[in-house]
């Protein structure tokens, strides 16, 4: 059986071959998740342990794009329960990335007292990212109605993060978001996207081309007052270039360079998770910005 690392390596090679940002190889289908492994404990800072994590069930997202709550037994109120009032965390993957990629993070979040919901739109963020942002807006509205909360946390990867930023900045969603965390998101575009657009024909690839009308609109808007955003990125990113494209004025920008992570590793890496958890708990101001 192909190992976890071998599967991840093949996915990375396939994506790099066609020069896409966070999209699949030229087959046009979704990127399959790596072989499942037990997530490692986060550490000794009061984070979820391996035992609690192992109790969590696999997250599933419907083909209609409706977010699916992740079931498990280690929800809010446990030993590691967050004291923050917002419990719901909307997990949003990038272009052509399936919801399974968030299984490890969702399990950790449940162990730490949050209620994760995985949202994957029906087009997997291959259509216009403005349309993806509207779908995020609709999902946030539905989630708040279901939970009774005033706001949600959002953790979004790659193009999912760019679409989320469009939602909060252009569509006015900032009032409904508590903590917003993006990781490896090309907020100013990536020079690899034109190749991806030629190969796939996806509008999302055009949207994240530097200087696109979508990005010009997004980056011309002042950063919303009071928005609590963290952008996590890596100098070892093999898919988006330059890696500094993830830096957003007004956000807390967190660089991983000495601690090695590749583009997809943020889904599983325990150090990345610990930094995300700090943001969700409102402790990001005292957390490091370089790793």
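Counting the residues of the range 110-133 that are under 14 Å from residue 90 (Cβ atoms) and without any contact (Cβ under 8 Å) to a residue 60 or more places away in the chain gives 8.
Go over the candidates 196, 189 one by one and state the one that is out of contact with any strand residue (DSSP E or B) (no Cβ under 6 Å at 6 or more places or on another chain), at pLDDT below 95, surrounded by 20 or more Cβ atoms within 10 Å (Cβ to Cβ) and not in a strand (DSSP E or B).
Values: 189 fails: at pLDDT below 95.
Among 196, 189, only 196 is out of contact with any strand residue (DSSP E or B) (no Cβ under 6 Å at 6 or more places or on another chain), at pLDDT below 95, surrounded by 20 or more Cβ atoms within 10 Å (Cβ to Cβ) and not in a strand (DSSP E or B).
Annotation: of all residues in the range 238-248 being surrounded by fewer than 24 Cβ atoms within 10 Å (Cβ to Cβ) and in contact with a helix residue (DSSP H, G or I) (Cβ under 9 Å, 6 or more places away or on another chain), the one that is farthest from residue 223 (Cα to Cα) is 238.
I'm trying to understand the selection: among the residues of the range 123-174, which are at positive phi and part of a loop (DSSP other than H, G, I, E, B)? Spell out the reasoning first.
At the first step, the residues of the range 123-174 found to be at positive phi are 124-125, 148, 158, 172.
Passing the criteria: 124, 125, 148, 172.
Look through the range 104-123, keep the residues that are more than 13 Å from residue 277 (Cα to Cα) and out of contact with any strand residue (DSSP E or B) (no Cβ under 7 Å at 6 or more places or on another chain), and return whichever of them is surrounded by the most Cβ atoms within 10 Å (Cβ to Cβ). Ranking the qualifying residues of the range 104-123, first place goes to 120. Would it be correct to say that residue 244 is touching a strand residue (DSSP E or B) at 6+ places or on another chain (Cβ under 9 Å), at pLDDT 95 or above and part of a strand (DSSP E or B)? Taking the combined requirement at face value, the residue does not satisfy it.
In the set (1) part of a loop (DSSP other than H, G, I, E, B); (2) over 14 Å from residue 22 (Cα atoms); (3) in contact (Cβ under 8 Å) with a residue 40 or more places away in the chain, the condition left unmet by residue 230 is number (1).
Where residues in the range 248-269 are over 15 Å from the mean Cα position of the chain (by Cα) and either touching a residue at least 60 places away in the same chain (Cβ under 8 Å) or part of a strand (DSSP E or B) (or both), which of them is farthest from residue 103 (Cα to Cα)? Spell out how you get there, then give the answer.
Start the filter on the range 248-269 by keeping residues that are over 15 Å from the mean Cα position of the chain (by Cα), which leaves 248-252, 255-260.
Narrowing the set further to residues that are either touching a residue at least 60 places away in the same chain (Cβ under 8 Å) or part of a strand (DSSP E or B) (or both) leaves 248, 252, 255-256.
Numbers: 248: 27, 252: 25, 255: 24, 256: 22 Å.
Within the range 248-269, the match that is farthest from residue 103 (Cα to Cα) is 248.
May I ask you to verify whether residue 134 is more than 21 Å from residue 238 (Cα to Cα), at pLDDT 95 or above and crowded, with 22+ Cβ neighbours inside 10 Å? So residue 134 fails the test. Here residue 264 meets the list (1) buried (at least 24 other Cβ atoms within 10 Å of the Cβ); (2) under 13 Å from residue 186 (Cβ atoms) almost entirely, failing just condition (2). Just one of the numbered conditions (1) assigned to a helix (DSSP H, G or I); (2) touching a helix residue (DSSP H, G or I) at 6+ places or on another chain (Cβ under 9 Å) is not true of residue 216: (2).
Residues that are closer than 19 Å to residue 99 by Cα and in contact (Cβ under 8 Å) with a residue 40 or more places away in the chain within the range 134-152 comprise 135, 136, 139, 140, 142, 143, 152, listed in sequence order.
The values are calculated or read from the model by the stated rules, or taken from the named source; none is laboratory data. Not measured: the values here are computed from a predicted model. Positions of Cβ are generated from backbone atoms using ideal geometry, with glycine treated the same way; all protein chains shown enter the neighbour counts.
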